[in-house]
């Protein structure tokens, strides 16, 4: 997603959207529900990216578009690891109390 940087309106950033309104993320070991009209975005470089883990949920009004082409870096064989931020929703609209609750819930509890 391409959007205006919340911390610097003069910049556009490209980040991966990992959660939208009503979903939950684990951010800094805390369950966080995404508010209405917001999304949670993270960068591919998890150790150095300035993203929602730093500036919080992003209003959808800041969206400018989507990225359609990759120009740089040139394609190469690399091993990519998925982001560590997990997203989920529960059937009851509440975050689970533990990872065990996620594993023991029904498939409808986790989307």
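Structure data summary
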read-out	value
FRET efficiency, 1/(1 + (r/R0)^6) with R0 35 Å, evaluated for residue 8 and residue 29 via beta carbons	0.80
Segment residue 63-residue 44, length gained on full extension (0.36 nm per residue, minus Cα span)	5.0 nm
Segment 1-59: C-alpha gyration tensor shape, a/c 1.5 cut-off, then a/b vs b/c	oblate
Burial ordering of 31, 69, 24, fewest other beta-carbon atoms within 10 Å first	69, 31, 24
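Laboratory data are not the source of any read-out in this text; all were calculated from the coordinates shown. All values reported here derive from a predicted model rather than from experimental measurement. A quick note on method: Cβ atoms are made from the backbone with ideal geometry, for glycine too, and the neighbour counts reach across all protein chains shown.
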